[in-house]
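Here's the structure we're looking at; comments come further down.
The values are calculated or read from the model by the stated rules, or taken from the named source; none is laboratory data. These numbers were taken from a predicted model, which means no experiment stands behind them. No Cβ is skipped: glycine too gets one built from the backbone with ideal geometry, and neighbour counts run over all protein chains shown. The accessibility values were calculated without ligands, DNA or RNA, using every heavy atom of the protein model including side chains. Shrake-Rupley method; radii C 1.70, N 1.55, O 1.52, S 1.80 Å.
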Amino acid sequence: MAPKQTKEEFVVDFVGGAVGHRLRSGEGRGQALPKAAGFTKGRTPRVVDATAGLGRDAFLLASLGADVTLIERSPEMHAHLADGIARAKAEGGIYEEIASRMTLLLGDSRDLIKVLSPEVVVVDPMHPPRHNSALVKKEMRVLRAVVGADPDQFELMMTALECASKRVVLKWPLRAAPMEGLPKPSHQICGKNTRYDVFMMFRNLPAED
Ligand SMILES: C[S@@+](CC[C@H](N)C(=O)[O-])C[C@H]1O[C@@H](n2cnc3c(N)ncnc32)[C@H](O)[C@@H]1O
């Protein structure tokens, strides 16, 4: 029998916990997500995180100097994120600096990314549940209890592919089958449990002579 998912309260915390730890550990642009999003030594793209969730990916990219627009459609998650960003700003120092690069919007990314002219769009929808639910982190189970599944994720990806000028990054479980119907990614970057399918917008590269 599947474990009962209870709706528990949780906070978005960019200062303590795993996010703060990752920041203090000083891991940089070599991590899989920034690499997939096109961060290099001299290049920092503008990013739209179309599935903000707990804000962890957005905070990581903002900590590397990027201006990140976070879009979240669940009013409850949006309120948690607004609270987390406000507390990071109040903390001062590096946390305030990073949080000031994060712009949070409430709404559906399928509508909002059309008016944002994004360079890079990151999409991390609720993933298909794994057979071994013990592998799914508690926070993700709680998030799922709050926001449910994302049945329109294919439509979101197609909108992102139409609107991004540089690339779209889809965060996906390492061994899961590709999202049905999507074009083949340009390349993939694999982490321990996650892979990043990268779709380059070749249509926007300057034409060769
Ligand atoms: C798996 S979580 C993302 C976790 C996030 N990457 C992080 O680092 O914490 C997916 C989130 O995206 C939101 N979401 C999914 N589709 C969306 C859409 N079309 N527009 C806005 N938010 C969306 C869900 O409500 C959920 O909070």
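Observations
- Full-extension gain in nm, residue 137 to residue 179, via 0.36 nm per residue minus C-alpha separation: 13.0 nm
- Mean Cβ count within 10 Å, highest first, over the residues of peptides 113-122, 84-93: 113-122, 84-93
- FRET efficiency, 1/(1 + (r/R0)^6) with R0 25 Å, evaluated for residue 187 and residue 24 via beta carbons: 0.25
- Greater than 27 Å apart at Cα, pairs in 41/171; 114/138; 89/114; 138/171: 114/138; 89/114
- Relative contact order of the chain, defined on C-alpha pairs under 8 angstrom at six or more residues apart (%): 21
- Which of 59, 154, 10 is most accessible, then next, and so on - probe 1.4 Å: 154, 10, 59
- Net charge dipole, segment 31-204: roughly 740 debye, given to the nearest 20, about the Cα centre with Cβ charges of +1 for Lys and Arg and -1 for Asp and Glu.
- Accessible surface for segment 143-207, divided over its residues, is 56 Å² per residue with a 1.4 Å probe.
- Within the chain, helix-based [θ] at 222 nm, where runs of 4 or more DSSP H residues each add -39,500 (n - 2.57), nearest 500: -10000 deg cm²/dmol
- Carbon-plus-sulfur accessible fraction, the chain (probe radius 1.4 Å, protein heavy atoms only): 53%.
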